1. Test of understanding: extend the Cα→C-beta vector of residue 116 to 7 Å, then name every residue of the range 1-39 with backbone N under 15 Å from that spot.
2. Could you line up 37, 80 from fewest to most neighbouring Cβ atoms inside 10 Å?
3. Return P(r) of the chain (all Cα-Cα pairs; 5 Å bins starting at 0; whole %; ordered from short to long distances).
4. How many percent of all Cα-Cα pairs in the range 68-123 sit more than 18 Å apart?
5. To the nearest 10 degrees, how steeply does helix 103-116 sit against the main Cα axis of the chain, on a 0 to 90 scale?
6. Multiplying the sequence separation of residue 94 and residue 81 by 0.36 nm and subtracting their Cα-Cα distance, what value in nm do you get?
């Protein structure tokens, strides 16, 4: 069964679904450190090293077969966007507490955005 992490990045008014090439089975932390934190850092003008240990500051999920384990509210528009991004029209949401954002990571991220990011950008 295919399993891989995804991140749902809110980059200003755009939502970007990010997942490993070839849908590799990686842990969220590794995928965050090697790939996703660099995307977030570049967008918000934050030094990447400051984000390296905040893998729960953004929305994330794990796809296992046709299931999206997600810690947020299941939204039909989000489901459609994820299905299109990964090329699987059979995906369905299943709640998973482990995939929730951590309030401490979110607060740390917002502090970094205020410190480094453009004044017009909000997470």
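1. 33-39
2. Least to most surrounded, the residues fall as 80, 37.
3. Bin by bin from 0 Å, the calculated values are 2, 11, 22, 25, 19, 13, 6, 2, 0.
4. Working: 820 of 1540 pairs.
Of all Cα-Cα distances in the range 68-123, 53 percent exceed 18 Å.
5. 50 degrees
6. Details: separation 13, 0.36 × 13 = 4.68 nm, distance 1.61 nm.
Full extension from residue 94 to residue 81 adds 3.1 nm.
Coordinate-derived values only; no laboratory data. Note that the structure is a prediction, hence the values are computed from the model and not measured. Virtual Cβ from ideal backbone geometry, glycine too; neighbours counted across all protein chains shown.
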